[in-house]
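A.B. asks: Pasting a structure below so you can have a look.
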Amino acid sequence: MVFFLEVNENVKIFLLMVLIFFTGFILRAETVHLVDINGTEGLYLTDDQGLPYMYELDSYYNYRITENYLKNGHPGDTLKAGIPWDSYSYYPPGKPAVYPPVISWVSIMLYRLLDPFTDMSLYELCFWLPAVVAPFAGTVMFFLIRKYAGDAAGFAGGILMVTAPLYFARTIPGFFDTDMFNCLMPALIVLFYTSVVESRDKYGCLASGLLFAVSMLLFSLSWTGWPFMLYVTLASAFIYSIISWRMGALDFLCIKRLFLPVLLAIFLIGLFNGPQQLSGINPIAILDSTSSTGPWPDIYESVSELGHPSVEVFLSAAGPLNLGFGVFGALVIISIFIRGDMRRKHLPSFNPFILTLSLVWMLSGLTAYYISVRFGILAITPLTFISSIFLGVVFSYMRVLSGRWNFRADIPVVLLLALIISVATIEAAEVRRVPFINDDFSDAAAFLKDGTREGTVVVTEWSYGHYITAAAERPVLFDGGSQNTPRAYWIFRAFETDNESLSTGILTMLTSSGDSAVSLLENRTGNTSLTVQILNDVLGVNRRSAEEILIRKYGLERGFAEKLLVYTHPERRNYVILTAEGMRYVGYWYLYYGSWNFTSFTPRPLYEVVDTGRSEMMKSVDEGSWRGKRPYRFIIKDGNSVKRVDVDESSNFSVIFLPDEGEVIIIDRRFDDSLS
């Protein structure tokens, strides 16, 4: 009979895990149909394999790295001095191919496992992998929660985990990025860390400690933001140590259980991942990686996901249920915990350590979320945990009331569970994403691959770089992994200036010699502003004139000038400029960064894109005003013709009409010729 009950319990756990997993997987799988997008547009956003193009361009970089592992045994497309080298990114000269490898390892392992039985390509596997990996975060959360609040709360937590809007949106098929691990690994780390502290069995404690350290190691190989969980566990350990000391309960065994697993994790990370990875523990280093240094413009300012979330985004992305139940639940849990009788009745397994850890975890996650939308995913797991513990308390109250009022407690519990699950799944089902790439971009990549010589450099917006390197197999000047560099200023400057010779000179220098001229001159002058001034003076003129300017105007020795000219006026390499419709919407940043003032404040340029019809455009030209204001100039680009109509010399803005696209660009008059 006991065996039968144990089997039943195991079957129940298995069924709940399966339900959590398939809820997460099926909801994600449904997104490949691109619902709410009409058939013609859907085909335009779908590749030759019948799959939507990947949603974020970083996904193509991850795919290229994975393909390199499969072909070459390392993440680079070549080796340079024995180091895996990415010769396509940030060309020339390329850069070391350094990237968290777990996403590639998992992909290749599954590909080789499935290859004998299916004809699935590596690309298809990478496309579907996020939808397979992400639901496991829900099953891990189920095991973590049920220790403290039972199966019903654990099941609710698992569903809340796999349906959290931000996590869901970043782990659908076609979002091949490290986000799939960013809720799974923290949940595993906390599951094993709590087991270390709470285990009464010596060998169970040792096993849990080892699993914790290995989980932390794998997280460090999965995402560069892994130190967050190290900070959370260390902070929790220190705070709990102080609490235990004040209560007279701190002993050597407690200290060992709190700190030895963390030290073991740090040791393993240093052993298998090297000192470079350990340097990421330094919070200053983390801040430096997301900000600009020196007087060069901070390109990360233009990346929306690195900015503070709006109130609407903050409330919705983590999941209204998670956020509401999490914050309110934390207050309820604290109030119950400090009253012994209530705690023993409703939270009998919830101990001071897990309370400390969960609060530190949640507050740290919310702080990270406030700092940047990108880190919102760090708040989802602790919010889900506390939300589910709160639901466990609610279920416990229902059981108490059922005893008093003589009704079956499982009925309201099931009804509440059904309501919560319904709301959570509806929230997830309403998440919509549109692929960044389309058939036109795919055709452009095919042309670059087949219609240009190997080694032709592609000059384009940094956000498109990863797709070009993966699909066209051509090098780019910068991409999503190298945008915040001094080179970015020069690329933006080439697009911003109205001096064609200067623009050509900048791009010739960058595509042939990279940053060599900038580095050489900045090391000589020790002055970024002067370096930029000199290069802006010489890059728009021929070599002989440039030499005269360097020697006569700036007093540089002939030998140094000749060395510099090798880089500023090199033999021209083949390059192609690729522009796309999407660049209109980021045109503001091209003007802002391209006109960067290295000695004082850079004024914000006027730039706005507006949707309108041809009739309003023509009416504005006839009336000589745009929505009640007179511009300096109208610029009408209709088909292949460009017409300029001067209006008001005293006005500070111009209006560019694009009738074929139904768009109007309002632009600072200083930049008329930059875009036209």
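The values are calculated or read from the model by the stated rules, or taken from the named source; none is laboratory data. Model, not experiment: these values are computed from the prediction. Note that we place each Cβ from the backbone using ideal geometry, even for glycine, and neighbour counts take in every protein chain shown. Heavy atoms of the whole protein, side chains included, go into the accessibility calculation; ligands, DNA and RNA do not. Shrake-Rupley method; radii C 1.70, N 1.55, O 1.52, S 1.80 Å.
A.B. asks: So which residues in segment 631-653 are of a type in the set (D, E, K, R) and either open to solvent by less than 100 Å² (accessible area, probe 1.4 Å) or under 16 Å from residue 670 (Cα atoms) (or both), if there are any at all?
C.D. replies: So the first thing to find is which residues in segment 631-653 are of a type in the set (D, E, K, R), and the list is 633, 637-638, 643-644, 646, 648-649.
Across segment 631-653, the qualifying residues are 633, 637, 638, 644, 646, 648, 649.
A.B. asks: For segment 576-595, state whether one or more residues are surrounded by fewer than 17 Cβ atoms within 10 Å (Cβ to Cβ) and farther than 30 Å from residue 484 by Cβ.
C.D. replies: no
A.B. asks: So which residues in segment 307-326 are among the small types (Gly, Ala, Ser) and surrounded by fewer than 17 Cβ atoms within 10 Å (Cβ to Cβ)?
C.D. replies: At the first step, the residues of segment 307-326 found to be among the small types (Gly, Ala, Ser) are 307, 310, 316-319, 324, 326.
Hits for segment 307-326 are 307, 310, 316, 324.
Residues are listed down the side, and each one gets a yes or a no for (1) within 29 Å of residue 197 (Cα to Cα); (2) within 22 Å of the chain's Cα centre (by Cα):
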site	(1), (2)
96	no, yes
100	no, yes
109	no, no
138	yes, yes
145	yes, no
176	no, yes
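A.B. asks: So, one more: If I ask for residues that are farther than 23 Å from residue 582 by Cβ and either free of Cβ contacts under 8 Å to residues at least 60 places away in the same chain or assigned to a strand (DSSP E or B) (or both), which ones from segment 659-676 would you list? Step through it out loud before you land on a result.
C.D. replies: The initial filter retains those residues of segment 659-676 that are farther than 23 Å from residue 582 by Cβ, namely 669-670.
669 - this is the single residue of segment 659-676 that is farther than 23 Å from residue 582 by Cβ and either free of Cβ contacts under 8 Å to residues at least 60 places away in the same chain or assigned to a strand (DSSP E or B) (or both).
A.B. asks: Would you be able to say whether some residue in segment 10-29 is assigned to a loop (DSSP other than H, G, I, E, B), in contact with a Ser or Thr (Cβ under 7 Å, 6 or more places away or on another chain) and either closer than 21 Å to residue 122 by Cβ or open to solvent by 70 Å² or more (accessible area, probe 1.4 Å) (or both)?
C.D. replies: Here is the first cut: in segment 10-29, the residues assigned to a loop (DSSP other than H, G, I, E, B) are none.
No, segment 10-29 contains no residue that is assigned to a loop (DSSP other than H, G, I, E, B), in contact with a Ser or Thr (Cβ under 7 Å, 6 or more places away or on another chain) and either closer than 21 Å to residue 122 by Cβ or open to solvent by 70 Å² or more (accessible area, probe 1.4 Å) (or both).
A.B. asks: Starting from segment 181-201, keep only residues that are hydrophobic (A, V, I, L, M, F, W, C), then list their pairs with residues that are outside any helix (DSSP H, G or I) whose Cβ atoms are within a distance under 8 Å, requiring at least 6 positions of separation or different chains.
C.D. replies: Matching pairs, first to second residue: 181/222; 181/223; 183/134; 183/164; 184/134; 185/222; 185/223; 185/226.
A.B. asks: Given the condition part of a strand (DSSP E or B) and in contact (Cβ under 8 Å) with a residue 24 or more places away in the chain, answer yes or no: does some residue in segment 90-108 qualify? So that I can check it myself, show each step before the final result.
C.D. replies: Applying the first criterion (part of a strand (DSSP E or B)) to segment 90-108 yields 95-96.
The next check asks that each one be in contact (Cβ under 8 Å) with a residue 24 or more places away in the chain; those that pass are 95.
Checked segment 90-108: at least one residue is part of a strand (DSSP E or B) and in contact (Cβ under 8 Å) with a residue 24 or more places away in the chain.
A.B. asks: So how many residues does segment 290-305 have that are out of contact with any Leu (no Cβ under 8 Å at 6 or more places or on another chain) and open to solvent by 50 Å² or more (accessible area, probe 1.4 Å)? Working first, answer last.
C.D. replies: Let us first name the residues in segment 290-305 that are out of contact with any Leu (no Cβ under 8 Å at 6 or more places or on another chain), namely 291-299, 301-305.
So of that shortlist, the ones also open to solvent by 50 Å² or more (accessible area, probe 1.4 Å) come out as 293-295, 301, 304-305.
So the answer is 6.
A.B. asks: Run down 201, 151, 179 and say which single residue is acidic (Asp, Glu) and modelled with pLDDT of 95 or more.
C.D. replies: Numbers: 201 fails: modelled with pLDDT of 95 or more; 151 fails: modelled with pLDDT of 95 or more.
The match here is 179.
A.B. asks: Anything in segment 118-138 that is modelled with pLDDT of 95 or more and either in contact with a Phe, Trp or Tyr (Cβ under 6 Å, 6 or more places away or on another chain) or open to solvent by 70 Å² or more (accessible area, probe 1.4 Å) (or both)? List them, or say none.
C.D. replies: 122, 125, 126, 128, 130, 131, 135, 136, listed by residue number.
A.B. asks: While we're looking at this one, here's another question. Of everything in segment 97-109, what is modelled with pLDDT of 95 or more and open to solvent by 50 Å² or more (accessible area, probe 1.4 Å)? Give them in sequence order.
C.D. replies: Those that are modelled with pLDDT of 95 or more and open to solvent by 50 Å² or more (accessible area, probe 1.4 Å): 105, 109.
A.B. asks: Please list, ordered by first then second residue, the pairs with beta carbon atoms under 8 Å, 6 or more apart or interchain, first in segment 131-150 and over 14 Å from residue 162 (Cβ atoms), second modelled with pLDDT of 95 or more and not in a helix (DSSP H, G or I).
C.D. replies: Once the first residue is over 14 Å from residue 162 (Cβ atoms) and sits in segment 131-150, no partner that is modelled with pLDDT of 95 or more and not in a helix (DSSP H, G or I) comes close enough.
Condition check ((1) part of a helix (DSSP H, G or I); (2) under 18 Å from residue 194 (Cα atoms); (3) open to solvent by 40 Å² or more (accessible area, probe 1.4 Å); (4) touching a Ser or Thr at 6+ places or on another chain (Cβ under 9 Å)) across all residues:
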site: 345; (1), (2), (3), (4): yes, no, yes, yes
site: 356; (1), (2), (3), (4): yes, yes, no, yes
site: 361; (1), (2), (3), (4): yes, yes, no, yes
site: 368; (1), (2), (3), (4): yes, no, no, no
site: 374; (1), (2), (3), (4): yes, no, no, yes
site: 388; (1), (2), (3), (4): yes, yes, no, no
site: 391; (1), (2), (3), (4): yes, no, no, no
site: 395; (1), (2), (3), (4): yes, no, no, no
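A.B. asks: Those residues that are without any contact (Cβ under 8 Å) to a residue 40 or more places away in the chain and open to solvent by 60 Å² or more (accessible area, probe 1.4 Å), I need them from segment 49-72; list them, please. Quick ask: steps written out before the conclusion?
C.D. replies: Restricting attention to segment 49-72, the residues satisfying the condition of being without any contact (Cβ under 8 Å) to a residue 40 or more places away in the chain are 50, 65, 68-69, 71-72.
Residues satisfying the conditions are 71, 72.
A.B. asks: Filter segment 280-309 for residues that are hydroxyl-bearing (Ser, Thr, Tyr) and either over 17 Å from the mean Cα position of the chain (by Cα) or farther than 30 Å from residue 485 by Cα (or both); which is modelled with the lowest pLDDT?
C.D. replies: The first filter runs over segment 280-309 and keeps only residues hydroxyl-bearing (Ser, Thr, Tyr), leaving 289-293, 300, 302, 304.
If we keep only those that are either over 17 Å from the mean Cα position of the chain (by Cα) or farther than 30 Å from residue 485 by Cα (or both) too, we end up with 292-293.
Details: 292: 50, 293: 54.
Ranking the candidates gives 292 first.
A.B. asks: Here's something else I'd like to know. Would you call residue 215 in contact with a helix residue (DSSP H, G or I) (Cβ under 7 Å, 6 or more places away or on another chain), surrounded by fewer than 20 Cβ atoms within 10 Å (Cβ to Cβ) and under 24 Å from residue 200 (Cβ atoms)?
C.D. replies: Details: in contact with a helix residue (DSSP H, G or I) (Cβ under 7 Å, 6 or more places away or on another chain): yes; surrounded by fewer than 20 Cβ atoms within 10 Å (Cβ to Cβ): no; under 24 Å from residue 200 (Cβ atoms): yes.
Judged against the criteria, residue 215 is not a match.
A.B. asks: Report, ordered by the first and then the second residue, all pairs with beta carbons closer than 9 Å, sequence separation of six or more or different chains, a first member in segment 22-40 that is on the phi > 0 side of the Ramachandran plot, and a second member that is at pLDDT below 95 and in a helix (DSSP H, G or I).
C.D. replies: From segment 22-40, the pairs are 34/41; 34/42.
A.B. asks: Any residue at all in segment 410-431 that's surrounded by 13 or more Cβ atoms within 10 Å (Cβ to Cβ), modelled with pLDDT of 90 or more and of a type in the set (D, E, K, R)?
C.D. replies: Looking for residues that are surrounded by 13 or more Cβ atoms within 10 Å (Cβ to Cβ), modelled with pLDDT of 90 or more and of a type in the set (D, E, K, R), one finds none in segment 410-431, hence no.
A.B. asks: Going by the structure shown, is residue 147 over 21 Å from residue 215 (Cα atoms) and charged (D, E, K, R)? Talk me through it step by step, then tell me what you get.
C.D. replies: Working: over 21 Å from residue 215 (Cα atoms): no; charged (D, E, K, R): yes.
Judged against the criteria, residue 147 is not a match.
A.B. asks: Output the residue which, of all residues in segment 506-564 that are open to solvent by 40 Å² or more (accessible area, probe 1.4 Å) and not in a helix (DSSP H, G or I), is farthest from residue 475 (Cα to Cα).
C.D. replies: Checking each candidate, the answer is 555.
A.B. asks: Which pairs turn up if I take residues in segment 632-643 that are under 9 Å from residue 658 (Cβ atoms) and look for partners that are assigned to a strand (DSSP E or B) and open to solvent by 60 Å² or more (accessible area, probe 1.4 Å) with beta carbon separation below 7 Å, at least 6 apart in sequence or on another chain?
C.D. replies: Matching pairs, first to second residue: 636/643.
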